[in-house]
1. With respect to A:K75, determine if the residue is within 29 Å of B:F244 (Cβ to Cβ), in contact with a Phe, Trp or Tyr (Cβ under 8 Å, 6 or more places away or on another chain) and among the basic types (K, R).
2. Just give me the residues in the stretch C:229-245 being of a type in the set (K, R) and open to solvent by less than 40 Å² (accessible area, probe 1.4 Å), in sequence order.
3. Return yes when C:I41 is within 30 Å of B:N188 (Cα to Cα), touching a residue at least 24 places away in the same chain (Cβ under 8 Å), under 16 Å from the mean Cα position of the chain (by Cα) and open to solvent by less than 10 Å² (accessible area, probe 1.4 Å) and no when it is not.
4. Can you tell which of B:N145, B:N140 is touching an Asp or Glu at 6+ places or on another chain (Cβ under 8 Å), closer than 28 Å to A:Y258 by Cα and modelled with pLDDT of 95 or more?
5. Restricting the stretch B:121-131 to residues that are under 25 Å from A:K257 (Cα atoms) and open to solvent by 10 Å² or more (accessible area, probe 1.4 Å), which is nearest to the other protein chains (Cβ to nearest Cβ)?
6. Pull up the stretch B:71-119, narrow it to residues that are more than 8 Å from every other protein chain (Cβ to nearest Cβ) and of a type in the set (D, E, K, R), then point me to the one that is least open to solvent (accessible area, probe 1.4 Å).
7. Pick from the stretch A:1-22 the residues that are among the polar types (S, T, N, Q) and open to solvent by less than 60 Å² (accessible area, probe 1.4 Å): which of them is nearest to A:V194 (Cα to Cα)?
8. Search the stretch C:120-146 for residues that are under 14 Å from C:R109 (Cβ atoms) and pair each with any residue that is basic (K, R) and surrounded by fewer than 22 Cβ atoms within 10 Å (Cβ to Cβ) when their beta-carbon atoms are under 8 Å apart and the residues are at least 6 apart or on different chains.
Number of protein chains: 4
Amino acid sequence: VGGAELYQLSKAGKLCVPAMNVNDSVTKQKFDNLYCCRESILDGLKRTTDIMFGGKQVVVCGYGEVGKGCCTALKALGAIVCITEIDPICALQACMDGFRVVKLSEVIRQMDVVITCTGNKNVVTREQLDRMKNGCIVCNMGHSNTEIDVASLRSPELTWERVRSQVDHIIWPDGKRVVLLAEGRLLNLSCSTVPTFVLSITATTQALALIELFNAPEGRYKQDVYLLPKKMDEYVASLHLPNFDAHLTELSDEQAKYMGLNKNGPFKPNYYR
Amino acid sequence: VGGAELYQLSKAGKLCVPAMNVNDSVTKQKFDNLYCCRESILDGLKRTTDIMFGGKQVVVCGYGEVGKGCCTALKALGAIVCITEIDPICALQACMDGFRVVKLSEVIRQMDVVITCTGNKNVVTREQLDRMKNGCIVCNMGHSNTEIDVASLRSPELTWERVRSQVDHIIWPDGKRVVLLAEGRLLNLSCSTVPTFVLSITATTQALALIELFNAPEGRYKQDVYLLPKKMDEYVASLHLPNFDAHLTELSDEQAKYMGLNKNGPFKPNYYR
Amino acid sequence: VGGAELYQLSKAGKLCVPAMNVNDSVTKQKFDNLYCCRESILDGLKRTTDIMFGGKQVVVCGYGEVGKGCCTALKALGAIVCITEIDPICALQACMDGFRVVKLSEVIRQMDVVITCTGNKNVVTREQLDRMKNGCIVCNMGHSNTEIDVASLRSPELTWERVRSQVDHIIWPDGKRVVLLAEGRLLNLSCSTVPTFVLSITATTQALALIELFNAPEGRYKQDVYLLPKKMDEYVASLHLPNFDAHLTELSDEQAKYMGLNKNGPFKPNYYR
Amino acid sequence: VGGAELYQLSKAGKLCVPAMNVNDSVTKQKFDNLYCCRESILDGLKRTTDIMFGGKQVVVCGYGEVGKGCCTALKALGAIVCITEIDPICALQACMDGFRVVKLSEVIRQMDVVITCTGNKNVVTREQLDRMKNGCIVCNMGHSNTEIDVASLRSPELTWERVRSQVDHIIWPDGKRVVLLAEGRLLNLSCSTVPTFVLSITATTQALALIELFNAPEGRYKQDVYLLPKKMDEYVASLHLPNFDAHLTELSDEQAKYMGLNKNGPFKPNYYR
């Protein structure tokens, strides 16, 4: 079960043990989503298609961590990227990062690539698939296989042609082809690889969460969902810094006192990301 | 009083009214720090010095929102930037963003520009000022005027020469000059301007916080420090989107139900940044 | 006289001495245009207006070295930039760099900033000025003061209001204001400063050109226009490398032979940029 | 035969027909090298290794068009990139683009990835391979298979282990492994694909060059090497613009006269890149 489901269980009073929402610890969250997807969106598209990123018109649905990663990478390689959002805060961030915020229907006809990363369902509908231009690439980087309404494409008037592993051409009666990757499942898992460094971050976070739950004095955790204590999140990060030959600065006693911090952390309030 | 002081008052039981920590609402935080400083670091340096950013070696102390803004802008204009950090999570983020994480003493001799944004005190010490190279520019983008130990420079063996408003040359006996901006006070306030757009974000956030506190049913807020409710944070953002001709997407009933969200928000958990 | 005029004189047989087109030597060209304008477009806009770059819609007319510099900087700070071009090669480069190539009339209504860098005349016409939205900023980074048809704005139905040095509001009868910078003269010279590093590159190039013309054996140069010999262009660059603590690699004898190069340069054919 | 060999033949008086150096036409040059390698360096590394780009220390040998492409892409994805150069002009460009210019021997011990793109031989020597750290990835993006001294690695004290197609681990007696890609041949051809768009640019350029040579009036071309006429270079570009829905601006008669240009081009002097 994912983080959202844990909170639903908890709300419904059906959680019978304490749980850690490791998915929202800062380090794991950034690596699994922002940093990993920044690379895998490029990798996934390159392995499956003939795309050259420069000058391509791309719409990214959802400007959360995954969307931010995809947008950063594609923009850096010369794509012209716009985004769709439901959340005004994320939308405003997209503006400030240089992406136009549009409704999908406004731009769908001009797009070379459509990427979903909302975690929602039916973000790309059959009506929108009908309006895409010939050769448009459609893929999903979100949390499920529901974002693109693939079921709607399994209808008699459309022809499916598998051109290579994970790549289908959906052919309209007028000859238009839409390039569907991984049948709408996760591109990053289906058509790219996850670096072991990311796996190490994830595994370390999970292991520390279990140790914390196991070792915690009775009563610290009730039948509820908790974020990983900040200090452990920081510990996961510190274990991975030597890979980059990174040298942390230590607080002097005087500085720690001035900041009201313990010299060994945690260094930030729990809501800090 | 700033956010940190509010929490200290609260912890000490000395807070006699409910308080909103508007400083950590997402929208205000990003604009006041990340987006604003991304521009004002360039502006502040350009107005006061003869600097050309390309190829300059820069160390930024602190990779919080202000540091992230400074680093992004300077890197984009061709500077070679490294950072110092006490917090392993921020340090790891710096690595992933392409910045070497160093101790200040390791690099101080080579730097063309030293920028502080830690909120701490004595981040740049007299010993480090002594080791800087001729022409090194030193300035502060953090929360106070304590980050650079300016007091230590007011000593008889050093000569101060005011070369223009907000710019002092500190001259060592061997002729070496360090260029100190705004006497160590905030560069962004002293040597740049704050766009009215940022002021609007801040003022809107503060006004909504006051309205919320005033209108809240008795008992909702106690003598403690609260984050602005997510929905109001989103409202601030939505009020500023029309400036960018941004078009938000609306959830369908079906999608809202699938996500477990109200169609009008809030769209994210409170800790989401 | 500029480079173009020299070639016209030469073509007309009116050049009575040998001339060096120092303007097109690689080092000077890149610094005067690409690198310098990358910084001065930001500086010029910041000193004169209340602009925040993030999310601003900007059109840059001309994607030569100056246009490339402006576009790079503005994109990096979160502006959404499109360009206009007459030359298909430069236009294709703009595509690959992630900029939409448009005609000015297609986008003029939506733009927050209009920047000219074509070297041409009447690139922004009165008709286009009439269609700009309220608050649009118009400025010129090109080679002359002819790019914006400023003369057309000096007409009785429009009111000029000087709001500060170098900044005029042109007010239409319906109250719309266009913000004209430096009366259409060069923004980079009028509202920004040129770093001494750029002046050093320029002065060194000019001095070497004069020395070369003076020292050249009779007959090497006729009454024509010449590019600075590659080797001197390289020399200018090498004199400025120590500022960056840059360490050049030297060819081994074997490598020089393999490449067919002299170990001391020139390292590239003359047309290489 | 490549461009360099053509010039050598011509110099030696051994060229018996006119030849076009299509390789240095602007459009083909940029696409084959800058734009193509910007994407294929990422693709080639991702398909062959477990690399995550963020935070990786990379040295790129050679800052020509290929090197510029590699550096841009790697920097954008969070790698920390430095370069080596023999040419002071390219070195100065690297500085202004934010890359430290070093000698390979100064940094070789710290590097996670070494990439050659010089066109030279023995750029990476056995001595340098000996000093690399465990896990260092070595690959070649240049013009030949001579840049890495692979022959020196075929010696009895080293063990070669093929871990997958195009990937060899070279194992030192102390257990250190260097990851050699494509046995030092071109990574972009061996471990990535060339987009058909690039092939189209190249084929169009070559075809136009042949047509020009065939159709040219007698005497226009002698037994020498020529650059493609600017106008044809522009024509290649204009044929590929519709892919990006790019709209060129046309000169008015008045503007063409002011610029001294024909409205149909060529728009730039021949040496313009």
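The values are calculated or read from the model by the stated rules, or taken from the named source; none is laboratory data. Since the model is a prediction, treat every value here as computed from it, not as a measurement. A quick note on method: Cβ atoms are made from the backbone with ideal geometry, for glycine too, and the neighbour counts reach across all protein chains shown. What goes into the accessible areas is simple: the full protein's heavy atoms, side chains included, and nothing from ligands, DNA or RNA. Shrake-Rupley method; radii C 1.70, N 1.55, O 1.52, S 1.80 Å.
1. Details: within 29 Å of B:F244 (Cβ to Cβ): yes; in contact with a Phe, Trp or Tyr (Cβ under 8 Å, 6 or more places away or on another chain): yes; among the basic types (K, R): yes.
Against the criterion (within 29 Å of B:F244 (Cβ to Cβ), in contact with a Phe, Trp or Tyr (Cβ under 8 Å, 6 or more places away or on another chain) and among the basic types (K, R)), A:K75 qualifies.
2. Here is the first cut: in the stretch C:229-245, the ones of a type in the set (K, R) are C:230-231.
Across the stretch C:229-245, the qualifying residue is only C:K230.
3. Details: within 30 Å of B:N188 (Cα to Cα): yes; touching a residue at least 24 places away in the same chain (Cβ under 8 Å): yes; under 16 Å from the mean Cα position of the chain (by Cα): yes; open to solvent by less than 10 Å² (accessible area, probe 1.4 Å): yes.
Here the answer is yes, as C:I41 does meet what is asked.
4. Working: B:N145 fails: modelled with pLDDT of 95 or more.
When all the criteria are applied, what remains is B:N140.
5. Applying the first criterion (under 25 Å from A:K257 (Cα atoms)) to the stretch B:121-131 yields B:121-129.
Okay, now just the ones that are also open to solvent by 10 Å² or more (accessible area, probe 1.4 Å), so B:121-123, B:125-128.
Details: B:K121: 5, B:N122: 7, B:V123: 8, B:T125: 10, B:R126: 14, B:E127: 13, B:Q128: 12 Å.
If we take residues in the stretch B:121-131 being under 25 Å from A:K257 (Cα atoms) and open to solvent by 10 Å² or more (accessible area, probe 1.4 Å), then B:K121 is nearest to the other protein chains (Cβ to nearest Cβ).
6. My answer is B:D112.
7. Among those that are among the polar types (S, T, N, Q) and open to solvent by less than 60 Å² (accessible area, probe 1.4 Å), it is A:N21.
8. C:R131/C:R109; C:M132/C:R109; C:M132/C:K176; C:K133/C:R109; C:K133/C:K176; C:N134/C:K176; C:N134/C:R177; C:G135/C:R177
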